[in-house]
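Colleague: Before we start, here is the structure in question, set down as structure tokens.
The values are calculated or read from the model by the stated rules, or taken from the named source; none is laboratory data. Remember, it's a predicted structure, so these values are computed and weren't measured experimentally. All Cβ positions, even for glycine, are placed from backbone atoms using ideal geometry, and neighbour counts span all protein chains on display. Please note that ligands, DNA and RNA were not included when accessible areas were found on the heavy atoms of the full protein model with its side chains. Shrake-Rupley method; radii C 1.70, N 1.55, O 1.52, S 1.80 Å.
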Amino acid sequence: LGLFKGRSDGKVRSALSSVSEALKSFKSKPLVLLVAVALTIAMLAFIALGILILASSLGFVLPFILTFEIFSTSMVAAFIPLSVGGVGFREGTFAYLLTAAAVAPLEVAITISLLALIASHAVTLMGGAVEFHRHFLRKKT
């Protein structure tokens with residue numbers, strides 16, 4: 001605990017203060033928080049469904065709820081600042097948890113995790129291409 005003592009107290013306090021202010025703003029608008037949570041759960045469900053499709057293409061049937069839980073946990077693990085954007089740590093957590101649940105062997109779990117990462121980046125790249133076209137290549141009228 002003394003490792004970070006005196007190094008980033010101001011930064012930690014600032015970050016906690018920001019989180020506290022954000023939470024206070026939701027007190028007056030609980031519907032906004034509810035919608036945000038609902039959209040987050042829907043997004044995680046769609047991604048879990050995509051992972052199920054990837055797994056089934058490899059010949060593995062995964063339970064939806066377990067896939068949803070494992071993917072959600074791996075997304076939280078990605079917030080641990082060990083790599084850029086959590087890449088690698090998120091996939092390792094996903095593969096470890098899938099293997100620990102005895103649903104798939106480690107090689108398959110890693111493959112599913114990496115395929116999900118590639119699919120995620122492909123979708124992001126398509127969105128980036130649309131935005132690039134919209135901002136830089138479209139004729140202004």
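Colleague: Starting from residues that are closer than 17 Å to Ile118 by Cα and of a type outside the set (A, V, I, L, M), keep the ones in the stretch 71-82 and report whichever is least open to solvent (accessible area, probe 1.4 Å).
Modeller: Checking each candidate, the answer is Ser74.
Colleague: Can you tell me which residue within the stretch 36-70, out of those that are in a helix (DSSP H, G or I) and in contact with a Ser or Thr (Cβ under 8 Å, 6 or more places away or on another chain), is farthest from Leu114 (Cα to Cα)?
Modeller: Leu44
Colleague: Testing Gly85 on (1) on the phi > 0 side of the Ramachandran plot; (2) in contact with a Ser or Thr (Cβ under 7 Å, 6 or more places away or on another chain), one condition comes back false. Which one is that?
Modeller: Single failed check for Gly85: (2).
Colleague: If I ask for residues that are without any contact (Cβ under 8 Å) to a residue 40 or more places away in the chain and either surrounded by 15 or more Cβ atoms within 10 Å (Cβ to Cβ) or of a type in the set (Val, Ile, Thr) (or both), which ones from the stretch 97-113 would you list?
Modeller: Leu97, Leu98, Thr99, Ala101, Ala109, Ile110, Ser113
Colleague: Does any residue of the stretch 97-106 turn out to be part of a helix (DSSP H, G or I), farther than 19 Å from Ser57 by Cα and of a type outside the set (S, T, N, Q)?
Modeller: yes
Colleague: For Leu62, work out the one condition from (1) without any contact (Cβ under 8 Å) to a residue 24 or more places away in the chain; (2) open to solvent by less than 50 Å² (accessible area, probe 1.4 Å) it doesn't fulfil.
Modeller: Unmet condition: (1).
Colleague: Let me ask something else about it. Within the stretch 20-44, track down each residue that is open to solvent by less than 80 Å² (accessible area, probe 1.4 Å) and over 23 Å from Ile110 (Cβ atoms). Give the derivation first.
Modeller: Here is the first cut: in the stretch 20-44, the residues open to solvent by less than 80 Å² (accessible area, probe 1.4 Å) are 20, 22, 25-26, 32-33, 35-38, 40, 42, 44.
If the condition is that a residue be open to solvent by less than 80 Å² (accessible area, probe 1.4 Å) and over 23 Å from Ile110 (Cβ atoms), then Ser20, Ala22, Ser25, Phe26, Val32, Leu33, Val35, Ala36, Val37, Ala38, Thr40, Ala42 are the ones that fit.
Colleague: In the list Phe132, Phe94, which residue meets the criterion of being out of contact with any Pro (no Cβ under 8 Å at 6 or more places or on another chain) and open to solvent by 90 Å² or more (accessible area, probe 1.4 Å)?
Modeller: Values: Phe94 fails: open to solvent by 90 Å² or more (accessible area, probe 1.4 Å).
Result of the check over Phe132, Phe94: Phe132.
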